[in-house]
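Engineer: I have a structure I would like to understand better, so I am pasting it below and will then ask my questions one at a time.
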Amino acid sequence: MSTIQLGAPSALRKYLIKASGDGLAWSRGGAQPFAAKVNASSKYDQVDIWNEWIQEDWQAGAGQVDPEAGGFLFSTLETRVPGQIILPQAIRAHRHAASSVTAGREITYSPDQASAFTTVTVGTGGYSKLGWLVDYNEGTGGKIPIVWVERLTGTPTIKVAIYYDSAGAPGAALLAGEATIPSGVMGCWPLFWSDLGLDNFTADYWYVIWTDTAASSFKVHCATTRAGSPSTKSYDAGVWTSRTVYPFFYGRHGVASDPYPVVTDEATVFISGVSTSVGVFSEIYDTTGDELDTAATALGAAFLQGPPVYTFDLIFIPTEDGMYSVTSAGATFVNTGYASTKVAAGGGYLWRANNNTVYYTNDGSVWTTVLYVGASPWTINSMAMLERDLYVATGDGLFRIAPGDKVEAITPWGSPHADNGKALLNYQGNLYVIVGGRVIQFTPDGRLSDIWIKKDDALSATRIGNVTALGKGLNVLYALVAPISALGNPTAWAWRDQGWHFIAQIPSGANSPNTLYPSAVVYDRANARLWMGVRGQNLFDVYESGYAMNPYNDTSSRYMPNGWIEWDRFYGGQLLLNKSWEGVTIVGENLSTNVNVKVYWQDEGSTDWELLGTATADGQLLRWSDYTTRPAGKWIRLGMLLQTNDPTETPRVRAVVVKFLPMVNDRLRDTMTITLADNLTFPDNTVDTYTRAQQWSHLFSTAVIKSVNPVIYQDIYGDQYEVAVTDWSTNPVAYNTDTGTASVREQEITLVLEQVPDSQYA
């Protein structure tokens, strides 16, 4: 108990601890964690009591795995404006002309139509079932109804069934299906059922929703009022009871091919490719209403082949049956007789492509000879102007029509695919094209860059899929994304040089991910709307104010009921240290009981998002006050759910502050005084074979005090550690005088040994 050992692992030497009264000149205490650190890292010198991580800008956008580098992992919120997070704009679904539909009973009922929001809980803690009456006139035109839901507890399997109406309540069942909200999804989720549809249904029906998953529940997002006299009922204990809530509800309207909106200076015209027994019809949007008016002119039996363009005061439409032209007012459709799969306008010319050939005209009637682009089987998927040249994208690569009508190969794609090269467009002097489901930027000097959201294990297939369409607005590039997972929904995103930001989540209502194909996105400057077309669905739009406008200050803004944002793991600048997590402060505006921010978290032991609290006032600190459930690990993940009960109001988050304290691993510091002398006798009656001089030489060699690497130290209890010698002092206690020259016979040395973290040996 009165000896220690020091030195290299294979050459430890024993040393005698000086006696001190009835004990030893040996003591042990805790090491000051930063005393041994000699560099000037701010990550250490700023540690006082609580550390604070503050994020007040989100311009880096989605897909960021390091919260401290800016941005976030995923969001369904509006994050484009510097220094704020707000709710996204309410999405609107446009139905076909519906003159025979009873007001207030249409399938299509969008969040932007509500005067106030509410939710109804179904499952544990709520109603057993929820049902509402749907007018059959809308049912005949649509399949696969979609309703906005939100997961509460567990992962509920949501059941749905169609019932006949029986005296104002659900009667006999007609159809049934089920679906599951994806795990981890928070906030509004437009849910559809792949095995449920309505086809030529000829009577009013009840749409009923519930879950039989134990201890699970979900919310149905609703309006508190609605025009007309729709019916909503809840079911408990065998009784249907009327409720004054009206779910947001869409139906697929039979758009069999790709809907392509085209915006002209004079009018907004949509060519939606609605398949009927007669042919493919156009649909024209009336800017004075919110419905699509069916044009009486058929485009023939063939579907659209690509986005129409507006030039020469006409809209040119590529179809399987040839290229049609129509006036901006949509009055007259004319088949030009020219085969065309793609069209483009630029440089004073109208360009058309057919398979892998290109033609152009400066008057719409006289065309050049054919220009061959690429080789079979790769056909032209898109065309766009860059500077004064036409660029052509195929599934195999990018080409340029050079002066003199020469076709030049610019670059091949890494992996040829039929979908490569779609949606080529010029935005702010660069080309943007879809390759492999990602957005590739091509600059005039020939550089190619992948600018799409970085995919990570934390970004599931239900969230970020493949880009299928591009568009441009005022200082923004838009992308439509098709989900990879059958549980996902199409989404719209905006890119503003620094990162990608969420615009809208589009109700899908299709049978498989392959049919969830967003085909076109167009910004309508005159009406400040962003239009989105989805194959097998409807045309949708959201309000998009000018680039100089902050939607928070725009009185025309109408918001979704809620929106979600989450970050990846936050380590507080120290990957290996555990932290004491104190709380989260939300700095913002327009916060109240009904317009608020819920903060969620995960740590190393979490299996789902856990609620920290709800911020209802600016600067409110939400603390982990329950020490039994308080996170205590190396990292946490944060999520925020912004929500409102008023579509004209949104919470405004200006900053998120995380308060935490790094907890440095305990280190031992031993202080001891060692006696050095010749012929020392240890407590076990053995004699030290080393002289005082040899002991001194060993201690002051690279084996101990001068060692760069840690030294092995065996303490008085026999436990071994790696240590660093952080301090020492010595003094002689006895001299030899019989040699004629005084020399040290015995001396003491005091050592301070500090444990190297995580170094104890068995």
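Engineer: Between Arg388 and Ser485, what is 0.36 nm times their sequence separation minus the Cα-Cα distance? Round to one decimal in nm.
Structural biologist: On the way: separation 97, 0.36 × 97 = 34.92 nm, distance 4.08 nm.
That works out to 30.8 nm of additional length.
Engineer: Ordered by packing density, taken as the mean number of other Cβ atoms within 10 Å over each peptide's residues, highest first, how do 18-28, 549-559 rank?
Structural biologist: Details: 18-28: 12.5, 549-559: 16.7.
Descending packing order for the listed peptides: 549-559, 18-28.
Engineer: List, in order, the whole-Hz ³J(HN,Hα) value for each residue of the stretch 667-679 obtained from phi through the Karplus relation with A = 6.51, B = -1.76, C = 1.60 and θ = phi - 60°; use x for Gly and Pro.
Structural biologist: 10, 8, 10, 9, 10, 8, 10, 10, 8, 10, 6, 6, 6
Engineer: In what order do Glu649, Glu754, Glu408 fall by count of nearby beta-carbon atoms within 10 Å, going from fewest to most? Mind showing how you got there, number by number?
Structural biologist: Values: Glu649 18, Glu754 22, Glu408 12.
By the 10 Å Cβ count, ascending, the order reads Glu408, Glu649, Glu754.
Engineer: Cut-off is 10 Å between beta-carbons; in what order do Met532, Met186 appear when sorted fewest neighbours first?
Structural biologist: Fewest-to-most ranking of Met532, Met186: Met186, Met532.
Engineer: Excluding residues on the same chain fewer than 8 positions from Lys598, give the lysines whose Cα lies under 16 Å from its Cα.
Structural biologist: Within the straight-line cut-off, Lys598 pairs with Lys219.
Engineer: Normalised radius of gyration for the stretch 569-663, please: alpha carbon Rg relative to 2.2 N^0.38 Å, two decimal places.
Structural biologist: Working: Rg = 14.0 Å, N = 95, 2.2 N^0.38 = 12.4 Å.
After normalising by residue count via 2.2 N^0.38 Å, the value is 1.12.
Engineer: List, in the order given, every pair from Lys422/Lys472; Lys422/Lys454; Lys455/Lys659 whose Cα-Cα distance in the structure shown is over 18 Å. Don't skip to the end; give the middle numbers.
Structural biologist: On the way: Lys422/Lys472 15 Å; Lys422/Lys454 20 Å; Lys455/Lys659 29 Å.
Table pairs above 18 Å Cα-Cα are Lys422/Lys454; Lys455/Lys659.
Engineer: Further question: Name the residues whose placed amide hydrogens come within less than 5 Å of the amide hydrogen of Arg243, ignoring near sequence neighbours (fewer than 5 apart) on the same chain.
Structural biologist: Counting only residues 5 or more places away or on other chains, the set is Thr232, Lys233, Ser234.
Engineer: Counting only residues 5 or more places away or on other chains, whose amide H sits under 5 Å from the amide H of Gln64 once H atoms are built in the peptide plane?
Structural biologist: Those lying under 5 Å, H to H, from Gln64 are Phe72, Leu73.
Engineer: Given H placed on each backbone N at 1.01 Å, which residues far from Ala345 in sequence or on other chains put an amide H within less than 5 Å of it?
Structural biologist: Trp351
Engineer: Let me ask something additional. Applying a 10 Å radius around every beta-carbon, put 340-351, 162-173 in order of their mean neighbour count, most first. Intermediate values should be presented prior to the final figure.
Structural biologist: Details: 340-351: 20.3, 162-173: 14.3.
Output ranking for 340-351, 162-173: 340-351, 162-173.
Engineer: Provide the gained length on full extension for the span Glu56 to Arg447, in nm with one decimal, where the gain is 0.36 nm per separating residue minus the Cα-Cα distance.
Structural biologist: Working: separation 391, 0.36 × 391 = 140.76 nm, distance 3.29 nm.
Contour length minus Cα-Cα distance gives 137.5 nm.
Readers should treat all values here as calculations from the given coordinates under stated rules, not as data from a laboratory. Everything numeric here is computed off the predicted structure, so don't read it as measured data. Don't worry about glycine lacking a Cβ; one is built from the backbone with ideal geometry, like all the others, and counts go over all protein chains shown.
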